[in-house]
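The values are calculated or read from the model by the stated rules, or taken from the named source; none is laboratory data. What you see is a predicted model; the values in this text were computed from it and never measured. Virtual Cβ from ideal backbone geometry, glycine too; neighbours counted across all protein chains shown.
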Amino acid sequence: MSKGKKAANKLPLPTASEAAFEKLLASFLDPAGAPRSAGETSLPQAERDEFVTRLYDERAKFLAPRTIADSPRFNTKIVGTSFEGRQDIVAGLSVGVELALERQPSNEHDPNAIAVLFGNLPLGYIKREHAVHLAPVIDSGVAYRCFISALTGGGELHRGVNIVVEQVRQTAVLSSANAIIDADAAMVQHALIGDRPVREAQRAVLERLENGKNALAVLGTGRGKSFCFQYPAAVRALDSGQKTIAVYPLRALANDQYEAVRRRFEGFGLRIFRANGSIDAEERTALFDALSSGTWDLIFATPEFLQFHRDAFSQSSRPSLIVVDEAHHLFESKHRAAYGRIAAVIAELGSPQVLALTATAGDDAFAQITRELAIESWVIDPTVRDNLHIVDARETSNKVAYLRELFAEPGRAIVYCNSRDETVKVSDELRKTYGNEIIYYHAGLGHEERLGVERYFRDGGVRVVVATTAFGEGIDLPDIRNVVLYHMNFNFTEFNQQAGRAGRDDAPARIHLLFGERDRSLNEYLIDAEAPTLATLREIYKGVRGLSRNGVVHMPAVEMARTLDIPKTNEKTIGAALRIFEESNLIEIGTDEDGRFIRFLPTDGRVDLTKNERFAEGEAERENFARFSEFALKRSPETLEAVINRPIYPRNVPLTR
């Protein structure tokens, strides 16, 4: 279904196109059409062993900092557009025009040069810092294409061209979402949930959206809340270009969903962005270019971003649907300014349709959600997943020994760790006992490696994956017998999501809690490092200013952190602080002949940093973790189990309206 083509969006969802996926799915499914059990695989063991061995042999490569070449799609600006009469060519361009990339290995100024052309006319070059990583990839035979995402300048200012560069994939696909050419509703459904039927509660939510209602869905963990908005968001975008904003309480949650949805819909042509304080300057520029031109379909945002930048969602960027996920935060975080303003912001955006999603809506929360979001209809799924059981192993001293004993039992399992390094370290130890049945997974893996891990886990060649939170979305295997929380989660939602991936076949499954007080201290350190407190921001501002000469500093963040030696501060803390200062008009960041510079700007009195978007998001993460860690460490296993396996919904209201 292409943009502008009107298609029925009635349920039951169409199934005619599922035959197109039969061959694609054959490597995942047994003759009965179900994922194979762990240990039962149709793939040659030698092929599996070669893949797993390569992943371990190249572990250092996948742990190295990622470059632009690791991304299948990125945004950048063409450099050199002001030379050799190119401004006249740029003046005739428009957003969406496809451009060509040309490798120039013989370029006398840069052997990694990649020229950008409009037909045969040169426009400029890919930035040197990107070209050094892209050139070897292009030289190896990987193709890229690019198109204009925004045009800047004009008048007395020289014109600039922002572009999106994306890899042209020519390898065999391993999941349905990579094979889309002409998408329709059934293919969207298949990309999201495969051959599984739409649950009755999900169907009821979609019907209410289709009828134009503002709706609330109260669904427990693992009952498919995400499908309730991802399906209509994709179908509406492909059908008629309608736009959806999905609001998440924390930027980490928004980022996780962004990555998962982008992968599921790869090949559909959907323009998906994330909008929060964690994105870098280049991604932020691309986002605001898309908002300015209306060239986006789905944005994952924090309430702070929506509040601070609501004016950007005007004219061609008006959303038709706003999704408020984890909607209980309207009640639980009502002290948070952005949640207190969310109803007013939605009204300022033209009162688009609203879908609220949560697993936690007691009497008071339900009343506030329905009142503030003008909810007209709701669906409550009271299903209790009583097959899930908490195994309380908190404060376990030898976690690896615990896992060795656990995995002596058969069955598929996921072990969740908080860092890439730990996934490799833990899986490496377990591999000494269980060989190539154990594999690791984290966001540093390349695209093909990630698909390979998913393939072998789904097919049964691998039975245990040691992973960061990046693993799980889109896997949804029914027979995961054990989920292990090796480290403490950062929030309730992540805890629920990871635990809820166990036992989706309704057979008994266990969630093992191995975290303890040491994990709390580590997480607090990580949060403080990436979300500096007000006191730390003051120290950094004072310290960096002291390093300046005539109000200008030329020094990388890592050297600043080492020189200033402020407690709980590293290069990430410095980077976050500088972005906050820049957005608060305290400093200017740019590049001159001596490299990257920081210039201090004059200020008119006191600057309130607490009103900064990035700062507010960081404070929300700190507060959420404080609440979650106290709960996760102090509450009984029975209480934790209840949080995982059942929704909380109001008394004395009908389950549907």
Looking at (1) of a type outside the set (A, V, I, L, M, F, W, C); (2) outside any loop (DSSP other than H, G, I, E, B); (3) at positive phi, can you tell me which one K425 breaks?
(3)
Those residues of region 237-249 which are at pLDDT 95 or above and surrounded by fewer than 22 Cβ atoms within 10 Å (Cβ to Cβ), in sequence order
Q242
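Residue-wise test of (1) over 30 Å from E429 (Cα atoms); (2) in contact (Cβ under 8 Å) with a residue 60 or more places away in the chain; (3) polar (S, T, N, Q).
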| position | (1), (2), (3) |
| --- | --- |
| R48 | no, yes, no |
| K61 | no, no, no |
| A69 | yes, yes, no |
| I89 | yes, no, no |
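Return the only residue of D392, D364, D381 being of a type in the set (D, E, K, R), modelled with pLDDT of 95 or more and touching a Gly at 6+ places or on another chain (Cβ under 7 Å). Outline the logic, then answer.
Working: D392 fails: touching a Gly at 6+ places or on another chain (Cβ under 7 Å); D364 fails: touching a Gly at 6+ places or on another chain (Cβ under 7 Å).
Unique residue meeting the criteria: D381.
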So, of the residues in region 622-640 that are buried (at least 20 other Cβ atoms within 10 Å of the Cβ) and not aliphatic (A, V, I, L, M), which turns out to be farthest from the chain's Cα centre (by Cα)?
S629
Looking only at region 444-469, and only at residues there that are under 25 Å from F227 (Cα atoms) and either touching a helix residue (DSSP H, G or I) at 6+ places or on another chain (Cβ under 7 Å) or not assigned by TED's automatic domain parsing to the domain that holds G500 (or both), the one that is surrounded by the most Cβ atoms within 10 Å (Cβ to Cβ)
A467
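Is it true that some residue in region 241-253 is without any contact (Cβ under 8 Å) to a residue 12 or more places away in the chain and in the same structural domain as S316 (by TED's automatic domain parsing)? Explain how you work it out, then say what you get.
In the first step, residues of region 241-253 are kept if they are without any contact (Cβ under 8 Å) to a residue 12 or more places away in the chain; the result is none.
The answer is no, given that none of the residues of region 241-253 is without any contact (Cβ under 8 Å) to a residue 12 or more places away in the chain and in the same structural domain as S316 (by TED's automatic domain parsing).
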Taking region 587-621 on its own, how many of its residues are surrounded by fewer than 20 Cβ atoms within 10 Å (Cβ to Cβ) and part of a loop (DSSP other than H, G, I, E, B)?
10
For R262: the one exception among (1) touching a strand residue (DSSP E or B) at 6+ places or on another chain (Cβ under 6 Å); (2) surrounded by fewer than 23 Cβ atoms within 10 Å (Cβ to Cβ); (3) closer than 30 Å to G590 by Cβ:
(3)
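For residues that are outside any helix (DSSP H, G or I) and modelled with pLDDT of 95 or more, scanning just region 622-646, find the one that is farthest from V391 (Cα to Cα). Talk me through it step by step, then tell me what you get.
Residues of region 622-646 outside any helix (DSSP H, G or I): 635-636, 646.
Then drop every residue that is not modelled with pLDDT of 95 or more, which leaves 635-636.
Working: R635: 13, S636: 11 Å.
Going through the qualifying residues, I end up with R635.
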Taking the condition on the phi < 0 side of the Ramachandran plot, modelled with pLDDT under 95 and outside any helix (DSSP H, G or I), does N482 pass?
no
Just to be sure, is L578 crowded, with 17+ Cβ neighbours inside 10 Å and either over 26 Å from A327 (Cβ atoms) or outside the structural domain of D280 (by TED's automatic domain parsing) (or both)?
yes
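Any idea which of F515, F581 is under 30 Å from R458 (Cα atoms), touching a Phe, Trp or Tyr at 6+ places or on another chain (Cβ under 9 Å) and either of a type in the set (F, W, Y) or assigned to a helix (DSSP H, G or I) (or both)?
On the way: F581 fails: under 30 Å from R458 (Cα atoms).
Step by step, each of F515, F581 is checked, and only F515 is under 30 Å from R458 (Cα atoms), touching a Phe, Trp or Tyr at 6+ places or on another chain (Cβ under 9 Å) and either of a type in the set (F, W, Y) or assigned to a helix (DSSP H, G or I) (or both).
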A290 fails exactly one of the following numbered conditions: (1) buried (at least 24 other Cβ atoms within 10 Å of the Cβ); (2) modelled with pLDDT of 95 or more. What is the number of that condition?
(2)
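Please report, ordered by residue number, the helices (runs of 4 or more DSSP H) entirely within region 250-334 with at least 1 residues that are within 20 Å of the chain's Cα centre (by Cα) and closer than 16 Å to N75 by Cβ. It would help to see each step written out before you state the result.
Details: elements: 251-264, 281-293, 303-308, 329-332.
The helices (runs of 4 or more DSSP H) meeting that bar are 251-264, 281-293.
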Conditions first: (1) under 30 Å from Y649 (Cα atoms); (2) polar (S, T, N, Q); (3) out of contact with any helix residue (DSSP H, G or I) (no Cβ under 6 Å at 6 or more places or on another chain). N398 passes all but one, so which condition is the exception?
(1)
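Being farther than 19 Å from S333 by Cβ, touching a residue at least 12 places away in the same chain (Cβ under 8 Å) and hydrophobic (A, V, I, L, M, F, W, C) narrows it down to one of F581, F631, so name that one. Lay out the reasoning, then the answer.
Details: F631 fails: farther than 19 Å from S333 by Cβ.
The match here is F581.
Restricting attention to region 530-537, does a residue exist that is in contact with a strand residue (DSSP E or B) (Cβ under 9 Å, 6 or more places away or on another chain) and in a loop (DSSP other than H, G, I, E, B)?
Step one: list which residues in region 530-537 are in contact with a strand residue (DSSP E or B) (Cβ under 9 Å, 6 or more places away or on another chain), which gives none.
Looking through region 530-537, none of the residues is in contact with a strand residue (DSSP E or B) (Cβ under 9 Å, 6 or more places away or on another chain) and in a loop (DSSP other than H, G, I, E, B).
For region 115-146, which residues satisfy the criterion of being of a type in the set (D, E) and either surrounded by 14 or more Cβ atoms within 10 Å (Cβ to Cβ) or in contact with a strand residue (DSSP E or B) (Cβ under 6 Å, 6 or more places away or on another chain) (or both)? Before you say what the answer is, go through the steps one by one.
Residues of region 115-146 that are of a type in the set (D, E), as a first pass: 129, 139.
Scanning region 115-146 gives no hits.
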